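The values are calculated or read from the model by the stated rules, or taken from the named source; none is laboratory data. Here the structure is a predicted model, which means the values were calculated and not measured. Note: ideal-geometry Cβ built from the backbone for every residue, glycine included; neighbour counts use all protein chains shown.
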2 protein chains.
Amino acid sequence: MENIQAYLTSNQDRFIKELIEFLSIPSISTAPEHNSDVAYCGNWLKEHLSSIGMKTSTVYATAGHPIVYAEHCEAGPEAPTVLFYGHYDVQPIDPLHLWTNPPFEPTLRDGKIFARGSTDDKGQVFLHCKAIEAMLAVNGTLPINVKMLIEGEEEIGSIHLEHFIREHLDLLSCDTVVVSDTPLYGPGMPSLCYGLRGLCYMEVHVTGPNRDLHSGSYGGSISNPLQALCEIIAKLKDSYGRIAIPGFYDNVKELTDEERLDYSRLPFNAEEFRKGLDVPGLCGEYGYTTLEHISARPTLDVNGIIGGFTGIGAKTVLPSKASAKISMRLVANQDTLDIASKFTSYVEAIAPPTVQVEVENLHGANPVLVEKTGRGMNAAKKALQEAYGREPYFTREGGSIPVCLLFDTILKAPTVLMGFGLQDENAHSPDEHFSLDNFRIGMYASSLFYNYLAE
Amino acid sequence: MENIQAYLTSNQDRFIKELIEFLSIPSISTAPEHNSDVAYCGNWLKEHLSSIGMKTSTVYATAGHPIVYAEHCEAGPEAPTVLFYGHYDVQPIDPLHLWTNPPFEPTLRDGKIFARGSTDDKGQVFLHCKAIEAMLAVNGTLPINVKMLIEGEEEIGSIHLEHFIREHLDLLSCDTVVVSDTPLYGPGMPSLCYGLRGLCYMEVHVTGPNRDLHSGSYGGSISNPLQALCEIIAKLKDSYGRIAIPGFYDNVKELTDEERLDYSRLPFNAEEFRKGLDVPGLCGEYGYTTLEHISARPTLDVNGIIGGFTGIGAKTVLPSKASAKISMRLVANQDTLDIASKFTSYVEAIAPPTVQVEVENLHGANPVLVEKTGRGMNAAKKALQEAYGREPYFTREGGSIPVCLLFDTILKAPTVLMGFGLQDENAHSPDEHFSLDNFRIGMYASSLFYNYLAE
């Protein structure tokens with residue numbers, strides 16, 4: 001490992017030059033005018049993976065943007081196989097005027113590299129490439145079988161990934177998946193994410209009268225759909241901040257005492273958190289802490305309400321229709337379809353009989369909770385401990401990474417979420433950046449991870 | 001009167017052409033981008049009033065939209081003076097896609113004229129113009145003194161009218177005011193309105209976090225402003241359909257036994273009313289009938305809610321802000337400022353402490369209740385009886401015509417509400433229209449009214 005670290009150190013300047021080249025390609029997947037840039041970026045990556053010594057490196061066309069796949073599987077059938085997953089597409093860049101440097105002209109400043117995609121996810125993909133390059137350059141081979149799956153549609157919902165995985169089960173078969181697309185718990189605080197919340201995203205449509213009415217001429221005699229919608233929404237939570245849908249918590253796997261102890265040890269200052277959001281107070285489900293609320297407990301949020309007159313000033317309309325987008329974050333072992341069904345039954349039951357209600361399931365994903373032990377998790381834990389000089393925290397994330405669920409259900413492989421970004425690196429926002437320290441430590445941690453996996 | 005009727009009949013086609021021209025002007029008073037259209041409309045009307053023979057016709061600038069004033073006061077000081085009041089501004093047109101013909105391309109269909117402003121209030125203003133034109137054309141003079149005050153801000157609360165009236169007390173002095181901006185009780189059923197509800201139009205602004213957040217990363221720990229808003233709105237009414245604001249009913253003048261008896265005699269079929277609106281059921285304040293709900297009792301309606309993601313599909317946002325437009329209809333003797341203050345105190349009291357709430361008073365008007373007798377009321381009763389061939393009903397209206405209150409308190413003149421619209425003519429909604437029969441009968445009734453007033 002000393003030789004590998006020496007290689008990483010002595011080639012650092014070249015690595016950054018290459019990363020700048022990678023980050024200069026405007027691979028915005030959601031913008032059709034950038035389709036050829038996304039394709040160019042996929043090809044660039046394929047060539048690069050060949051150049052570092054991967055045995056095969058291929059661009060697979062999909063109905064959307066291409067998928068890059070490379071492998072180096074020379075360690076034999078007894079050695080474990082790891083599938084690295086990442087993405088080379090990036091978010092749009094607007095509002096452009098808020099960027100200090102142009103988003104596709106990567107700039108080094110204050111120990112960081114500023115560019116769209118630097119932390120999400122090209123920088124993190126690239127540090128794995130460099131770790132593998134170093135291992136191959138120093139040892140001539142890898143101690144494990146490595147497969148790399150890097151897609152170009154993560155920022156638009158990984159539309160064609162599931163199909164690709166199902167069509168290439170043998171190609172992708174593996175023992176462990178590793179993903180570097182989550183943040184560290186904090187600067188210098190490595191963490192391993194073992195839980196992701198699921199999602200159940202519904203829309204409730206309330207219909208009252210068959211047309212918009214004058215509230216003066218009709219008000220007082222019929223249910224106002226906006227009022228009815230508010231009454232429904234107000235009944236979705238009780239006074240303890242719990243979700244009032246019958247059976248909602250039935251399958252929730254409660255936090256273990258050990259997990260709650262771990263949570264209590266995480267550095268977190270609720271008052272700083274509150275101040276940062278500028279709210280008069282925090283709230284949440286009774287009996288749980290704020291950290292638990294945002295990552296380990298199921299939640300319900302109204303994401304949008306549509307109805308009536310929404311311009312400037314006053315219009316005395318009694319609207320015909322109103323609707324609300326309402327999403328729930330789920331935790332193990334809730335099932336998104338079961339929750340959608342319970343939500344629908346409850347909303348239909350509490351809706352005033354004087355309006356019509358329709359409930360639509362917009363989309364969903366099941367939660368993920370993986371074991372904190374196991375070969376991949378243990379290797380990652382040791383690698384992070386050695387690279388950062390401290391034991392990693394085990395954390396749960398409040399959001400969803402739907403691909404983890406694909407790996408779990410289709411490939412039957414657990415995912416190690418070993419991220420090197422930071423919460424405040426402006427992923428999806430202007431001035432996105434990536435810490436060069438974490439780039440450097442990440443390369444080393446990544447090579448340690450592949451090494452420990454072989455043990 | 002026979003000659004007048006003949007004149008009205010033989011000029012009917014031209015009148016409709018002129019009305020189409022009037023209705024084609026998009027005089028939407030609430031939309032700043034239509035300011036010049038409103039001004040153009042005022043000028044058009046001023047010119048038209050000159051052309052029919054009014055002795056003076058003037059556009060008065062205000063701090064907002066202009067006021068048109070015309071008069072023909074040649075009947076001498078002994079003859080009564082009537083002030084006609086109407087408005088040439090109209091409501092916004094959204095949702096535009098629900099209109100059969102473009103709202104400012106008036107179209108004749110099924111004996112009706114379809115256009116924004118056709119029944120509220122340009123069509124009704126215009127029939128008075130044509131009645132006066134006919135009387136002047138046939139007799140060369142009028143039996144009474146006529147003043148016409150037609151404003152351009154009725155749909156935004158007549159913001160500058162009170163100031164104008166106070167500044168022009170002599171100009172506007174009169175014995176009776178006549179307004180045609182209320183509906184007939186039903187097709188072929190003339191009515192005289194003796195009560196109008198007042199209005200208190202508020203906006204509630206709820207602020208949560210200082211920026212839109214990802215509901216996955218923050219959901220569950222802080223109050224969602226949309227959820228908080230819904231909880232506030234749900235508490236505005238109790239389970240008896242009564243408004244829950246403390247003190248809201250304190251000053252309400254209850255219906256007399258005689259009035260309730262009159263109400264019970266009005267032809268009204270609640271089941272037909274329900275079917276016409278296509279709602280599963282009616283509702284309203286416990287202990288009162290539907291007719292009483294919509295005209296004689298105070299009410300509260302949510303007119304619009306703004307907040308979060310309202311596009312197609314799903315976005316997992318926890319919004320920073322949400323707001324609701326909420327209006328209350330008031331009855332004698334409620335006071336709009338008193339109600340605004342009670343509303344504000346209550347909303348502030350019930351708002352969750354974890355959000356910030358601001359309550360804004362957008363505009364208001366006090367209710368009106370007038371005597372059913374008097375010179376103007378008697379002349380109108382006779383005119384309607386003769387034009388429609390049956391005695392008019394005395395009714396109360398659910399909407400507000402705040403200016404009636406101004407005439408009562410400042411000009412000390414009673415207002416006759418002699419309307420020719422129909423309840424289902426979609427005032428404020430797509431496909432607003434006006435019956436050509438009522439346009440025709442209205443012109444005749446109007447000329448009879450001015451004649452009987454002279455007796």
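Condition check: within 13 Å of chain B (Cβ to nearest Cβ), without any contact (Cβ under 8 Å) to a residue 12 or more places away in the chain and surrounded by fewer than 16 Cβ atoms within 10 Å (Cβ to Cβ). Does A:GLU360 satisfy that? For A:GLU360, the condition - within 13 Å of chain B (Cβ to nearest Cβ), without any contact (Cβ under 8 Å) to a residue 12 or more places away in the chain and surrounded by fewer than 16 Cβ atoms within 10 Å (Cβ to Cβ) - is not met.
In region A:262-287, the residues that are away from chain B (no Cβ under 13 Å) form Cβ pairs under 8 Å with partners that are assigned to a loop (DSSP other than H, G, I, E, B), at six or more places apart or across chains, as follows: A:TYR263/A:LEU255; A:TYR263/A:THR289; A:TYR263/A:ALA296; A:SER264/A:THR289; A:LEU266/A:TYR185; A:PRO267/A:TYR185.
Among the listed residues A:GLU254, A:GLU258, identify the single one that is surrounded by fewer than 18 Cβ atoms within 10 Å (Cβ to Cβ), more than 25 Å from A:LEU337 (Cα to Cα), away from chain B (no Cβ under 13 Å) and free of Cβ contacts under 8 Å to residues at least 60 places away in the same chain. Result of the check over A:GLU254, A:GLU258: A:GLU258. Of B:PHE449, B:PHE439, B:PHE434, B:PHE394, all but one fail to be within 19 Å of B:ASP175 (Cβ to Cβ), in the same structural domain as B:ASP120 (by TED's automatic domain parsing) and of a type in the set (Phe, Trp, Tyr); the exception is B:PHE449. The criterion of at least 1 residues that are over 30 Å from A:ARG211 (Cα atoms), among the hydroxyl-bearing types (Ser, Thr, Tyr) and modelled with pLDDT of 95 or more is met, among helices (runs of 4 or more DSSP H) falling completely within region A:260-352, by A:290-295, A:336-350.
Taking the criterion of being within 17 Å of the chain's Cα centre (by Cα) and either under 13 Å from B:PHE84 (Cβ atoms) or not in a helix (DSSP H, G or I) (or both), the residues of region B:119-135 that qualify are B:ASP121, B:GLN124, B:VAL125, B:PHE126.
Being in contact with a strand residue (DSSP E or B) (Cβ under 6 Å, 6 or more places away or on another chain) and either surrounded by fewer than 22 Cβ atoms within 10 Å (Cβ to Cβ) or without any contact (Cβ under 8 Å) to a residue 24 or more places away in the chain (or both) is the filter here, so list the residues in region A:60-78 that pass it. Spell out how you get there, then give the answer.
As a first pass, look at region A:60-78 and keep what is in contact with a strand residue (DSSP E or B) (Cβ under 6 Å, 6 or more places away or on another chain): A:60, A:66-73, A:75.
If the condition is that a residue be in contact with a strand residue (DSSP E or B) (Cβ under 6 Å, 6 or more places away or on another chain) and either surrounded by fewer than 22 Cβ atoms within 10 Å (Cβ to Cβ) or without any contact (Cβ under 8 Å) to a residue 24 or more places away in the chain (or both), then A:TYR60, A:GLU71, A:CYS73, A:ALA75 are the ones that fit.
Which residue out of B:GLY241, B:GLY220 is crowded, with 23+ Cβ neighbours inside 10 Å and not basic (Lys, Arg)? Going through B:GLY241, B:GLY220 in turn, just one is crowded, with 23+ Cβ neighbours inside 10 Å and not basic (Lys, Arg): B:GLY220. Residue-level check: of (1) part of a helix (DSSP H, G or I); (2) touching a helix residue (DSSP H, G or I) at 6+ places or on another chain (Cβ under 9 Å), A:THR409 misses just (2). Looking across region A:162-198 at every residue that is closer than 14 Å to A:PRO402 by Cβ and touching a helix residue (DSSP H, G or I) at 6+ places or on another chain (Cβ under 8 Å), the one that is surrounded by the most Cβ atoms within 10 Å (Cβ to Cβ) is identified as A:ARG197.
Taking the options A:ALA324, A:ALA365, A:ALA340, name whichever one is among the hydrophobic types (A, V, I, L, M, F, W, C), buried (at least 18 other Cβ atoms within 10 Å of the Cβ), under 30 Å from B:TYR201 (Cα atoms) and out of contact with any Phe, Trp or Tyr (no Cβ under 7 Å at 6 or more places or on another chain).
Details: A:ALA365 fails: under 30 Å from B:TYR201 (Cα atoms); A:ALA340 fails: under 30 Å from B:TYR201 (Cα atoms).
Result: A:ALA324 is the single residue among A:ALA324, A:ALA365, A:ALA340 that is among the hydrophobic types (A, V, I, L, M, F, W, C), buried (at least 18 other Cβ atoms within 10 Å of the Cβ), under 30 Å from B:TYR201 (Cα atoms) and out of contact with any Phe, Trp or Tyr (no Cβ under 7 Å at 6 or more places or on another chain).
Take A:SER341 and tell me if it is within 23 Å of B:GLY220 (Cβ to Cβ) and more than 13 Å from chain B (Cβ to nearest Cβ). Walk me through it before giving the result.
Working: within 23 Å of B:GLY220 (Cβ to Cβ): yes; more than 13 Å from chain B (Cβ to nearest Cβ): yes.
When the stated conditions are applied, A:SER341 passes them.
Kindly evaluate B:SER239 against the criterion of being out of contact with any Phe, Trp or Tyr (no Cβ under 7 Å at 6 or more places or on another chain) and within 7 Å of chain A (Cβ to nearest Cβ). Considered against the rule, which asks whether it is out of contact with any Phe, Trp or Tyr (no Cβ under 7 Å at 6 or more places or on another chain) and within 7 Å of chain A (Cβ to nearest Cβ), B:SER239 comes out as no. Here A:CYS404 clears all of (1) within 22 Å of A:SER446 (Cβ to Cβ); (2) away from chain B (no Cβ under 14 Å) except the condition numbered (2). Number of residues in region B:399-428 that are crowded, with 24+ Cβ neighbours inside 10 Å, more than 20 Å from B:GLU371 (Cβ to Cβ) and out of contact with any His (no Cβ under 8 Å at 6 or more places or on another chain): the value is 2.
Of all the listed residues (B:ILE150, B:ILE159), the sole one being assigned to a loop (DSSP other than H, G, I, E, B), in contact with a Gly (Cβ under 6 Å, 6 or more places away or on another chain), closer than 16 Å to B:PRO402 by Cβ and assigned by TED's automatic domain parsing to the domain that holds B:ALA413 is B:ILE159. Within region A:232-254, track down each residue that is under 14 Å from B:GLN227 (Cβ atoms) and touching a Pro at 6+ places or on another chain (Cβ under 9 Å). Matches in region A:232-254: A:ILE232, A:ILE243.
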